[in-house]
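The block underneath contains the structure these notes are about, expressed in structure tokens.
The values are calculated or read from the model by the stated rules, or taken from the named source; none is laboratory data. These figures come from a predicted structure and were not determined experimentally. FYI the Cβ positions are ideal-geometry reconstructions off the backbone, even for glycines, and counts take in every protein chain you see. The protein model used for the area step is the full one, side chains on, heavy atoms only, and it has no ligands, DNA or RNA in it. Shrake-Rupley method; radii C 1.70, N 1.55, O 1.52, S 1.80 Å.
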Amino acid sequence: MKAPPPSTPYLLTPGPLSTSALTKEAMLVDWGSWDPDFNQMTKAICADLLALINDRDDSYVCVPMQGSGTFAVEAALGSLLPGSGGKTLVLANGAYGQRIAKIISYLGRPFTLLDKGDFLPPLPEEVALLLQGDPSLSDVVVVHCETSSGMLNPLADIAREVQKAGRRLFIDAMSSFGALPINAEEIPFAVCISSANKCIEGVPGFGFVLVQRALISQRKGVAHSLSLDLYDQWQGFEHSGKWRFTPPTHVVAAFASALAQHRAEGGCSGRLERYLANQRKLVSGMRALGFKTLLPDQWLSPIITTFLSPLDPCFSFAQFYELMKERNFIIYPGKLTEVESFRLGNIGQITPAIIDELLAAVRSSLDIMTITGVVAN
Ligand SMILES: *Cc1c(COP(=O)(O)O)cnc(C)c1O
């Protein structure tokens, strides 16, 4: 007898996230990794991703890479930063910026770290000054939406300063790509990295790097690693249309379906509209319950929001997590070094109606913990 399907909770985490039935169904087919139909699917995905950055003159290429998003970040940094004779400015204000610095130190390549802590953005004028002060800086890496706090960094203004200073910009757009616009004609960049399981709403299993053709063409033999050699991976696709090593076939099929659904929703702008409606309802509803956001409104992203934990001694995140899970919501712990917090994401197959259910679940969980009025940290 067939077991009943497990009840699927809503994931309020920024990837993996709640996916549609269509996306899940796309994984019911087994694909041969050498089959021309599968290769065609990969090619179509890359063309769709390039269209999202508005690459009209074919100056960028798209290179998918197996693994989670970090594998794609490490592949991009190891393969596309200069092998020697360059130095990288890393802009960090949270865990993902710190991770980029850690990857570059593993690579043993020189870098300067601008660390703004947990809740301040790197400012365009600071970037301009640092670039002016150190002519050896060749490349800059910025995180678009710093998922550890939810902060939306001022990407467009930073990109302008980097371009003015004649340096290359790498964007970790993992949690923003597909919702927040990254138009290559408006935001000058050399490299942009994202993955299958964030705003395009696929399932986890690969990342992708959008890179200027002129840059990747110069990077033969630079990578520190065979499996993460983005140049070699690109050449594999160019010459045979195939992934060099076993591709996550079901994940690719799910992603192709997710991209079609993204288009049907109105592309980045349609998706952004739904995420914004979710986030506005989430933040105003949580504030009405007494919670405070870590960040002022100016820096909130329509992706994920950090809330400060209540000061009430009856509040425990572990119990709150369990109570929310009983109510079918998987929430996300905080990732801050200084204050107690938790995070609620609003990307994936989440709608304002589900946010209403979420707010009711928060209210009833607080009641069980006997917290009547939330006084935030
Ligand atoms: C999700 C994410 C990554 C990649 O994380 P993985 O766990 O390796 O998928 C990198 N940067 C940012 C900003 C992210 O949100």
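For the range 72-79, state whether one or more residues are touching a Phe, Trp or Tyr at 6+ places or on another chain (Cβ under 9 Å), of a type in the set (D, E, K, R) and either part of a helix (DSSP H, G or I) or outside the structural domain of His250 (by TED's automatic domain parsing) (or both). Yes. Against the test of being outside any helix (DSSP H, G or I), free of Cβ contacts under 8 Å to residues at least 60 places away in the same chain and assigned by TED's automatic domain parsing to the domain that holds Phe177, the options Asp57, Asp30 yield a single qualifying residue, Asp57.
Residues that are open to solvent by less than 30 Å² (accessible area, probe 1.4 Å) and closer than 15 Å to Arg363 by Cβ within the range 316-339 comprise Phe320, Leu323, Met324, Phe329, Ile331, listed in sequence order.
Condition first: in contact with a helix residue (DSSP H, G or I) (Cβ under 6 Å, 6 or more places away or on another chain), over 17 Å from Gly133 (Cα atoms) and either aromatic (Phe, Trp, Tyr) or in a helix (DSSP H, G or I) (or both). Now tell me which residues in the range 146-163 satisfy that. Listed by number, the list holds a single entry, Asp157.
Being open to solvent by 60 Å² or more (accessible area, probe 1.4 Å) and touching a Leu at 6+ places or on another chain (Cβ under 8 Å) is a description that applies to Lys292.
Evaluation of Thr42 against the conditions (1) among the hydroxyl-bearing types (Ser, Thr, Tyr); (2) under 19 Å from Gly236 (Cα atoms); (3) open to solvent by 20 Å² or more (accessible area, probe 1.4 Å) shows that the sole unmet condition is (3). State which residue pairs qualify: first residue under 26 Å from Gly150 (Cα atoms) and inside the range 7-25, second residue modelled with pLDDT under 95 and open to solvent by 20 Å² or more (accessible area, probe 1.4 Å) in any location, beta carbons under 7 Å apart, and separation of 6 or more residues or different chains. The qualifying pairs are Leu12/Tyr332; Thr13/Tyr332.
Contact annotation: residue pairs with Cβ atoms under 9 Å, 6 or more positions apart or on different chains, pairing a residue in the range 139-152 that is in contact (Cβ under 8 Å) with a residue 60 or more places away in the chain with a partner that is of a type in the set (Phe, Trp, Tyr) and more than 10 Å from the ligand (Cβ to nearest atom), are Val141/Phe111; Val141/Phe170; Ser149/Phe119; Ser149/Trp299; Gly150/Trp299; Met151/Phe119; Met151/Trp299; Leu152/Trp299.
Assess whether Tyr96 counts as being open to solvent by less than 50 Å² (accessible area, probe 1.4 Å) and within 29 Å of Glu146 (Cα to Cα).
Details: open to solvent by less than 50 Å² (accessible area, probe 1.4 Å): yes; within 29 Å of Glu146 (Cα to Cα): yes.
When the stated conditions are applied, Tyr96 passes them.
Condition check for Met65 on (1) within 13 Å of the ligand (Cβ to nearest atom); (2) open to solvent by 70 Å² or more (accessible area, probe 1.4 Å): one failure, at (2).
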